[in-house]
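This report refers to the structure that appears directly beneath it.
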Amino acid sequence: MKKLFLAAAFFIAAFANAQTHKLEKIWETDSVISVPESVLPDFTNKTLYVSLIDGGPWDADGKGGVGKLDFDGKNYDGSWVSGLNAPKGLGLYKGRLYVADISEVVIIDIKNGKIEKRIAIDGANGLNDITVDSKGAVYVSDSKTAKIWQIQNDVPTLFLDNIQGANGLKAIGDEIVFAQGKLFQKANAQKLVTKIAELPNGIDGIEPVGNGDFIVTSWLGYVYYVSSNGNVETLLDTHEAKKNTADIGYDPAKKIVYVPSFNGKTVAAYNLK
């Protein structure tokens, strides 16, 4: 009886950890996108914004910009906005596109495709991901100084400190979910931090699926499905092909994941099954 019980327990545990989600590729661009770090869908204007480093990942060389890509991956404009340095995370709110660019947050007026404003962050030199909550508060991580900043009315203040490996961010209601190295964390409005899960590799992009679960990437070439209970599944592994998986975008209505491959110089779309 004891052996039967142990066998049943093992079967249940194995079933609980089995792969229940997968990604199926829809399309992928040619290798013509100049070091894409982040993809952000704009459903109002029916376009994908893509941050283009086009140089060293932390070089203030003025070579960076933001491109635009159709939802079918066919039409690409790599010169929509230029004059940035090494742009990474993107956030969208009421006609403004917010871009994390090493030491400042650049605000682009979407209607005319012009840089409206640059907000310098005191002491920042590794701004990485960015998110905007429903009230327009902007949050941006600094991977090099282990900080997360909040910007309200275009004025930055420190939100969280000592977040080693700070990277991916996502505002969900009154909480911020964020990367702290391999730790997938969340902070409430009172800045109380709790752990959601621990992943095998350092976290980059974060997107909520809409049911309490998340799609999370590691820049090395991994895409994970993280359930609200902390269970982690590997959806995609491209690290041996040396194809990065950076800061993803997500369409919750169609369940499409948009993956920028950084040094692979492509953007790919996958169905989440």
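Do the conditions hold for Ala253, that is, is it at pLDDT 95 or above, part of a loop (DSSP other than H, G, I, E, B) and hydrophobic (A, V, I, L, M, F, W, C)? Even if it seems obvious, please write down each step before you answer.
Values: at pLDDT 95 or above: yes; part of a loop (DSSP other than H, G, I, E, B): yes; hydrophobic (A, V, I, L, M, F, W, C): yes.
Judged against the criteria, Ala253 is a match.
Ile215: in a strand (DSSP E or B), more than 14 Å from the chain's Cα centre (by Cα), free of Cβ contacts under 8 Å to residues at least 60 places away in the same chain and within 19 Å of Thr131 (Cα to Cα), yes or no?
The answer is no for Ile215.
With at pLDDT 95 or above, more than 23 Å from Val257 (Cα to Cα) and surrounded by fewer than 24 Cβ atoms within 10 Å (Cβ to Cβ) as the only criterion, which of Gly83, Gly64 stands out? Don't jump to the end; show me each part of the working.
Working: Gly64 fails: surrounded by fewer than 24 Cβ atoms within 10 Å (Cβ to Cβ).
Result: Gly83 is the single residue among Gly83, Gly64 that is at pLDDT 95 or above, more than 23 Å from Val257 (Cα to Cα) and surrounded by fewer than 24 Cβ atoms within 10 Å (Cβ to Cβ).
Determine which single condition Val50 fails, assuming it passes every other condition in (1) free of Cβ contacts under 8 Å to residues at least 60 places away in the same chain; (2) at negative phi.
Val50 satisfies all of (1) free of Cβ contacts under 8 Å to residues at least 60 places away in the same chain; (2) at negative phi except (1).
Would you confirm whether or not the range 33-45 contains a residue that is assigned to a loop (DSSP other than H, G, I, E, B), under 18 Å from the mean Cα position of the chain (by Cα), surrounded by 12 or more Cβ atoms within 10 Å (Cβ to Cβ) and not hydrophobic (A, V, I, L, M, F, W, C)?
Among the residues of the range 33-45, at least one is assigned to a loop (DSSP other than H, G, I, E, B), under 18 Å from the mean Cα position of the chain (by Cα), surrounded by 12 or more Cβ atoms within 10 Å (Cβ to Cβ) and not hydrophobic (A, V, I, L, M, F, W, C), which makes the answer yes.
Anything in the range 88-131 that is within 18 Å of Ile176 (Cβ to Cβ), charged (D, E, K, R) and touching a Lys or Arg at 6+ places or on another chain (Cβ under 7 Å)? List them, or say none.
Asp129
Can you list the strands (runs of 3 or more DSSP E) lying wholly within the range 86-188 that have 2 or more residues being buried (at least 18 other Cβ atoms within 10 Å of the Cβ)?
90-93, 96-101, 104-109, 127-132, 138-142, 147-152, 155-160, 166-172, 175-180, 183-187
Does Leu235 satisfy being within 15 Å of Pro200 (Cβ to Cβ), in contact with a Ser or Thr (Cβ under 9 Å, 6 or more places away or on another chain) and modelled with pLDDT of 95 or more?
no
Could you check the range 189-209 and list, in sequence order, the residues that are part of a loop (DSSP other than H, G, I, E, B) and farther than 11 Å from Asp129 by Cβ?
Scanning the range 189-209 gives Ala189, Gln190, Lys191, Leu192, Leu199, Pro200, Asn201, Gly202, Val209.
The values are calculated or read from the model by the stated rules, or taken from the named source; none is laboratory data. Just so it is clear, the model here is predicted, and its values are computed rather than measured. Note: ideal-geometry Cβ built from the backbone for every residue, glycine included; neighbour counts use all protein chains shown.
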